[in-house]
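Written out below as structure tokens is the structure these notes cover.
The values are calculated or read from the model by the stated rules, or taken from the named source; none is laboratory data. Everything quoted here is computed from the prediction, not taken from an experiment. Note: ideal-geometry Cβ built from the backbone for every residue, glycine included; neighbour counts use all protein chains shown. Note: accessible area is taken over every heavy atom of the protein model, side chains too, but ligands, DNA and RNA are not part of it. Shrake-Rupley method; radii C 1.70, N 1.55, O 1.52, S 1.80 Å.
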Amino acid sequence: MQDIDLLTFIGHFHPVLVHLPVGILLWAIVLQWLSKLPAFTRLSAAVPATYLVGAVMAILSCISGWLLSDSATYPAETLNLHKWMGIGVAVIALILYYIHHKQLHSFKMLASVVLFCVVMVAGHFGGTLTHGEGYLTIGLGLANKNEVVKRKNIANIQEALVYQDVVLPILEQKCYSCHADAKQKGGLRLDNQEWMLKGGEDGIVLQPGNVDGSEIYKRIVLDPIEEKHMPPKGKLQLTDEEKRLMQWWISTGASFHAKTKDIAQTEQIKKLLTGFQGNEEVQEDVLPETAISKAPAEVVFKLQQLGVAVYPVSQTSNYLNVSFVAVPTIDLNMISLLGRISKQVLWLKIPGVKVDDAVIKAIAGCSNLRRLSIEHTGLTDVQLE
């Protein structure tokens, strides 16, 4: 029987406890502000007790969080900011209880505003620790999405390096927020060969040639409802195509240096690999004369999540190369997303899929389109016109 680590056990309650003071203290602030209105003056009687309960829960949350920080691997700078902001929340909540208990009216509003701001900042750093950098701002288009939007153009995928050009982009987009230099959840880093082969706190995660024994693959194909499924719920998940490519890479020896052409491939794998293949980078004088604004990052992100390859045709241009090669069918959601970046689409590949009138209409809406690959689609004369 393993030894019981009581402190670690208590620390793991932090995710449960941390939400209670946030809700209670924000409710206390709402009660305080509403009590300033003539119709809600009676609410003022409940404010001191609400602040006191929130302060007590904040203290318990701080204790459990401190214990959790000793048993988990998080970026030190962000962890310290979150830790001290959490302590600040507890202290300010106690001060607010004292202010209301002693009826020190001059400081009530200022202290409540400060508490509101500190709660928001502490929550932001907590979300960063749990979900990765830019978690709060990604929906606003403020986060840095260069790693999502940009993908290296590959003229011939068979001449590319299988790890550098196929596996690494998947890991960067789906795994690095928790397992890279900024954060090593479970003591695991996946940002270079040495760390991948070393594994983490739970042991080796990659066994070249052995898919069933490679924990990194077993976790990504687990049912999403399972606790050990990776990436965690709420994070960007691997597509079915990416899972098959990871399986192929590991089963064929997980080479970090071989070219794609040197590794055995089924016809299905060959087709999936073409999704990484782009044309050569376009020359500047071939670009449309009219400059174009940058495509909405969240739209590009959603398309890539659905398995569509989207990347710039040039490092200095906002025009895009969009490829549906790895997508077996195109649904209305994809059509809608394509329509939102239609002005930026310069090259478009939709080979080998069924195209209906809605797809043709979406293509026709790409007013700056210069290259179109639409072979083997059953295109009719009417649609072509």
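Brief remarks on what is shown
- Global form of the chain, assessed from the alpha-carbon gyration tensor, a/c cut-off 1.5: oblate
- Between SER373 and GLN247, residue separation times 0.36 nm minus the direct Cα-Cα distance comes to 42.5 nm.
- Antiparallel DSSP beta bridges within the chain, as percent of all bridges there, nearest 5: 50
- Residue list for region 7-32, given a label point 7 angstrom along the Cα-to-Cβ vector of SER44 and an amide N cut-off under 16 Å: 29-32
- Within the same chain, lysines fewer than 8 places from LYS235 are excluded, and of the rest, those with a Cα less than 20 Å from its Cα are LYS145, LYS150, LYS174, LYS183, LYS185, LYS218, LYS243, LYS302.
- Taking label positions 7 Å along the Cα-Cβ direction at both ALA258 and GLU385, the computed distance is 5.2 nm, reported to one decimal.
- At the residue level, TYR98 shows approximately 120 square angstrom of accessible surface with a 1.4 angstrom probe and all protein chains present.
- Kyte-Doolittle mean at least 0.5 and Cα axial length at least 30 Å: DSSP H helices in the chain: 47-71, 76-101, 105-131
- Listed residues SER367, SER317 arranged by accessible area, highest first, probe 1.4 Å: SER367, SER317
- Proximal lysines relative to LYS36, as straight alpha-carbon distance under 23 Å, when same-chain residues fewer than 8 apart are discounted: LYS102, LYS108
- Accessible area of the chain divided out per residue, in Å², using a probe of 1.4 angstrom: 54
- Debye log10 I(q)/I(0) for region 338-380, one point scatterer per Cα, at q = 0.22, 0.24, 0.29 Å⁻¹: -0.70, -0.82, -1.10
- Under 18 Å from the TRP84 label point (7 Å along Cα→beta-carbon), backbone N, region 25-39: none
- Rough spin-label spacing in nm, given labels placed 7 Å along Cα→Cβ, for MET120 and LYS36: 1.5
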